[in-house]
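Heads up, the thing below is written out as structure tokens.
Only the coordinates and a few stated rules stand behind these numbers; no lab work does. Quick caveat: nothing in here was measured; it's all calculated off a predicted structure. FYI the Cβ positions are ideal-geometry reconstructions off the backbone, even for glycines, and counts take in every protein chain you see.
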Amino acid sequence: MRNPHHSAISIVLLSVLIGFSMPAAEAAQAAPPPPATKPKAQHIVVPAGTVLTVKTGQALGSKTSKTGQTFLATLAQPLSVGGRAALPAGSTVSGTVVTAKEKGKIKGEGQLDLALTSISVGGHTYQIQTLVLSSTEKGKGKRTAATTGGGAAGGALIGGLAGGGKGAAIGAAAGAGAGLIGGTMTGNKQIEIPAESALSFTLSAPLTLPPHK
């Protein structure tokens, strides 16, 4: 015959265990699921070989500019990479006059070499590297042009032709490593580029931008 005291103790212990387990089970059921982890936004990489078309903020010339001089421009067209906006139109761009050499009256040649050095986006400035746009004016008005910086296809230039005014096309797409800097030619064959001329430069190294917020 079962001891009634043992049965009573078992019932009490069972009730206590059930009482502890039920709140724990209810709490587990009520706990919200962990928040979904958002994928990290990837940086935007503008690859080398990308063409940046800018509008100059000032006149540049083989006679009037100085080697090492900084010039400012604005990005003429927005740029996207893989469907993602990378560089908005109107971004401030800085460049440098790599070489400015006035043509002599009797001999010598005029030369004007330009390159971009930085671009400002969203309050931040990023260093960039581009191929150098180079043009020379030799005796009797003979012009040679080349794009230096690794032999890759260079940028083209759109500027002002003599008598054509600002914005006249003077450089088609560059090919076989050749680019062109032109502009209005003065009476003694100096190279001049009016303000607001559109110049196209080719990136010689990729530009990495942080993801847009």
Report the full-extension gain for the segment Ser80 to Thr117: residue separation times 0.36 nm, less the Cα-Cα distance, to one decimal in nm.
11.3 nm
Residue exposure sequence - Ile193, Ile128 - by fewest surrounding Cβ within 10 Å:
Ile128, Ile193
Could the peptides 76-84, 95-103 be put in order, highest first, of the mean number of other beta-carbon atoms found within 10 Å of their residues?
95-103, 76-84
I'd like the FRET efficiency for Gln69 and Lys40, computed as 1/(1 + (r/R0)^6) with the beta carbon distance as r and R0 of 41 Å, rounded to 0.05.
0.50
